[in-house]
Amino acid sequence: MKKVVLGVSGGIAAYKAAELARLFVRSGAAVQVVMTPAAAEFVAPLTFQTLTERPAYIEMYTERSSEKIRHIDLLSEADVLVIAPATANTIGKMACGFADNLLTTLYLAADCPVVVIPSMNVNMFKHPAVRENIDRLRRHGCMVMDPDEGELACGVYGSGRMPEPEDIYLFTRAALRPKDYEGLKAIVTAGPTREPLDPVRFISNPSTGLMGYSLARALSERGALVTLISGPTHLKPPAGVKTVAVNTAEEMHQAVLDHFEGCRLIFKAAAVSDFRPLDEKEQKVKKKDAAFTLDLAANRDILMELGKQKGSRLLIGFAAETEDEVENAHDKLMRKNLDLIIVNNLKEPGAGFAVSTNKVSIIDRNGEVEKLPLMEKEQLADHILDRVSGLL
Ligand code: CTP
């Protein structure tokens, strides 16, 4: 998003729009705020002006005759018009084509995508007039986000609460994405596995799951039906993604097989533990048993098994290496019958486990290597999807 026009109407949730403006600015977008006169009663235009470094407009008319007509001007080159909060009154006016203030006029003049974030009291939200107006906006092509349920400013509990700014930001980003994965079923595995040794200890690795979660989010935003099979992580599952929580490599294997049918794409970003303790002790190992030998058994290689039965599915593997990464990864790709492998060298700064960035090479079956610069895992997820969509 290069330019966002943020329309703020007059509800108590208008204060959350300030945080939303900040998130858009932080993502690199130029943000132009337009408020209804009622919104300016709740939050001072100066708040938005300070956050966006542009005046927040309320009035329709300008004194200087040389100025272009403002509503057209404000929308020029806008990628999206986001109306948050959208009150029952503003929604009603938009649905009926009224143009009685700068914001409603802007809506009628907009030729960019429009995102609407209704926010109001629960009874107002349930009223047939409001429901009909929201349906109308959807028919006009607006992307309307469902409000959250929770405690409302008027003290009652129910639906109508404006979602958190972070969720609105993600909804908007998703709404603008190309839907090149529309309807395709995808499995993503993410995070570490934990192989228990006794009731309180396990073998694991430092994977945080960020690469897999970023892929799952990007796939879902691009239209795929995603099942995320995740080892233990602290990450919030992306909206719209079915998440299956697992612990051990064996559980991950079973969960992948349970979702294998009908799936077109598998991204195996999990850091699966190659070994597990041969016997899990029923009781906690005590200190006095200090020197004991731990026998390990090899876990099944999930990816290798999938490679044998993949049919027309695309299988994308990951590899973390410490030396000769291109040769090692291409060898893994051939052994495991993959379509692409994404490899990083753990010795490179900023690459690998528990950091938000990665520096990888993407290798295909012909041994062609695309070396990518250091980038955020979120950005890398899109890059990987751009490559994979070429194989679909
Ligand atoms: N993988 C898997 N099941 C395992 C081990 C790994 O599905 N038991 C998958 C990972 O999810 C990853 C790929 O295999 O997509 C490569 O993982 P990696 O640990 O780098 O490779 P290994 O085959 O275990 O090889 P090695 O440890 O010898 O480098």
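The values are calculated or read from the model by the stated rules, or taken from the named source; none is laboratory data. No experiment lies behind these values; they were computed from the predicted model shown. Counting neighbours? That spans all protein chains shown, and the Cβs are built from the backbone with ideal geometry, glycine included. Ligands, DNA and RNA are excluded from the accessible area calculation, which covers all protein heavy atoms including side chains. Shrake-Rupley method; radii C 1.70, N 1.55, O 1.52, S 1.80 Å.
Side notes on the structure shown:
- Shape of the range 119-277, Cα gyration tensor, a/c cut at 1.5: prolate
- Theoretical FRET efficiency, 1/(1+(r/R0)^6), r = Cβ-Cβ of A354 and A297, R0 30 Å, to 0.05: 0.65
- Net charge of Cβ neighbours under 11 Å - reference S356; Lys, Arg +1; Asp, Glu -1: -1
- With the simple model of a label 7 Å out from the Cα in the direction of the Cβ, E261 to Q283 spans 4.5 nm.
- Were the residues from V156 through E370 laid out at 0.36 nm apart, the gain over their Cα-Cα distance would be 71.5 nm.
- The trypsin sites (Lys or Arg not before Pro) of the range 4-64 meeting both criteria, a DSSP state outside H, G, I, E and B (loop) and at most 13 other C-beta atoms within 10 angstrom of the site's C-beta, are R64.
- When peptides 143-155, 101-113, 324-336 are sorted by average Cβ neighbour count within 10 Å, with the highest value leading, the order is 101-113, 324-336, 143-155.
- Taking packing as the residue-averaged number of other Cβ atoms within 10 angstrom, the listed peptides 46-55, 311-320, 86-95 run from highest to lowest as 86-95, 311-320, 46-55.
- Sulfur and carbon atoms: percent of accessible area, the range 3-176 [1.4 Å]: 51
- Each other residue within a Cβ distance under 11 Å of L346 adds +1 if Lys or Arg and -1 if Asp or Glu, for a net charge of -2.
- Computed from the C-beta positions of A129 and R177, the FRET efficiency with R₀ = 41 Å rounds to 0.80.
- Extension gain from V200 to L391, taking 0.36 nm per residue of separation minus the Cα-Cα distance: 64.3 nm
- Rounded to the nearest 0.05, the FRET efficiency derived from the C-beta distance between L108 and L46 at R0 = 25 Å is 0.35.
- Using the 1.4 Å probe convention, the accessible area of the range 339-392 works out to 48 Å² per residue with neighbouring protein chains retained.
- In terms of the mean number of neighbouring beta-carbon atoms within 10 Å, the peptides 126-138, 187-199 order highest first as 187-199, 126-138.
- Inter-centroid distance (Cα atoms) of the range 77-116 relative to the range 152-188, Å: 19
- Annotation: amide H of M35 within the under-5 Å range of V8, Y57, I58, sequence separation 5 or more or interchain, hydrogens built in the peptide plane.
- For the range 4-118: accessible area per residue (Å², 1.4 Å): 44
- Compactness of the chain was expressed as the Cα radius of gyration divided by 2.2 N^0.38 Å, which yields 1.20.
- 222 nm mean residue ellipticity, helices alone, for the chain (DSSP H n ≥ 4; -39,500 (n - 2.57); rounded to 500): -9500 deg cm²/dmol
- Label-point gap, in nm, between K2 and R54 - each point 7 angstrom along Cα→Cβ: 1.3
- Hydrodynamic estimate: the Kirkwood radius of the range 3-176 over Cα pairs, inserted into Stokes-Einstein at 4 °C and 1.567 mPa s, corresponds to D of 81 µm²/s.
- Normalised radius of gyration (Cα atoms, divided by 2.2 N^0.38 Å) for the range 189-314: 1.18.
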